[in-house]
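Report on the following structure.
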Amino acid sequence: MQKPKYKRVVLKLSGEALAGDQGYGISHEIINSIAKQVVEVVKLGVEVAIVVGGGNIWRGVAGSARGMDRATADYMGMLATVINALALQDALEKLGIETRVMSAIEMKEIAEPYIRRRAIRHLEKGRVVIFAAGTGNPYFSTDTAAALRSAEIEAEVILMAKKVDGVYDSDPLKNPNAKKFTDLEYIEVLNKGLGVMDSTATSLCMDNKIPIIVFDLTKNGNILRAVMGEEIGTYVGR
């Protein structure tokens, strides 16, 4: 049987992806589908860490735009990611996969505090580690958290799971003639403002040479395909 291309990966899930078609909250169908796909990958011996967003519950930027203090709004967003992380942990453990939620904001009753060496040890033992509460700092997105945690745990790739099948030069949902990119360099993403990640996260990946694969989460089996090295979505690197 073909071996996975990557041994240790960070899967970045947006909060919006967890909401499914309902647009808000947590879709049990979506979260169970993600959990089953992660189990497929873990059973191949791949070490999986997950960074989850909170946009299905609360977006700090949106709260700030309505006049709320930006730091307060961002902390609320971080707490939303913890809710998503616990839901994901529950779905994974129901499928028999040991899972640890590690939070950048200490809340010891429900999650472990984030400690780099402990996170790596969990991964080495075959546990799925879910990083919650972003970086623990306001003004930083969960994209930046994914880039930072990937560098810290020495992940080989970031799998950016989205609702679209790659990176386009414009919104494919609004423009039927939008052009899809199969390969991009980090600097192209920054210069063209393509919105794969925010600029802080993209720069962090570029500095640490962490490739990013942007792919469609809604298509079942795509997480496995990405880990196996199949050409899906858009590859950002070099």
Taking Cα pairs under 8 Å and at least six residues apart, what relative contact order does the chain come out at, in percent?
-> 22 percent
In this model, which of Lys12/Lys219; Lys5/Lys43; Lys162/Lys219; Lys12/Lys108; Lys36/Lys94; Lys36/Lys219 are farther than 18 Å apart at the alpha-carbon?
-> Lys12/Lys108
Modelled label reach - Lys219, point 7 Å along Cα→Cβ, segment 167-208 residues with backbone N closer than 12 Å | 167
Take every DSSP beta bridge whose two residues both sit in the chain, then give the antiparallel share in percent to the nearest 5.
-> 15 percent
Mean residue ellipticity (222 nm) of the chain, computed from DSSP H runs ≥ 4 via -39,500 (n - 2.57), nearest 500 | -12000 deg cm²/dmol
Report the residues of segment 64-88 in range of a label on Tyr24: point 7 Å along Cα→C-beta, backbone N strictly under 12 Å from it.
-> none
Using the Kyte-Doolittle scale, find the helices of the chain whose mean hydropathy is at least -1.0 and whose Cα atoms extend 30 Å or more along the helix's long axis, counting only whole DSSP H runs.
-> 70-94
Under the Kirkwood approximation applied to all pairs of distinct alpha-carbon atoms, what is the hydrodynamic radius of segment 1-54 in Å?
-> 12.2 Å
Given the Cα-Cα distance of Arg66 and Glu16 and 0.36 nm per residue of separation, how much length would full extension add, in nm?
-> 16.0 nm
Met107 to Lys36: extension gain in nm, 0.36 nm per residue of separation minus the Cα-Cα distance?
-> 22.8 nm
Size of electric dipole in segment 8-237: Cβ of Lys, Arg +1 and of Asp, Glu -1, about Cα centre, debye, nearest 20 | 280 debye
Using 0.36 nm per residue, how much length does the chain from Ile187 to Glu98 gain when fully extended, once their Cα-Cα distance is taken away?
-> 28.3 nm
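No value in this document is a laboratory result; all are computed from the given coordinates. Because the structure is predicted, anything quoted here is derived from the model rather than measured. So basically every Cβ, Gly included, is an ideal-geometry build from the backbone, and we count neighbours across all protein chains shown.
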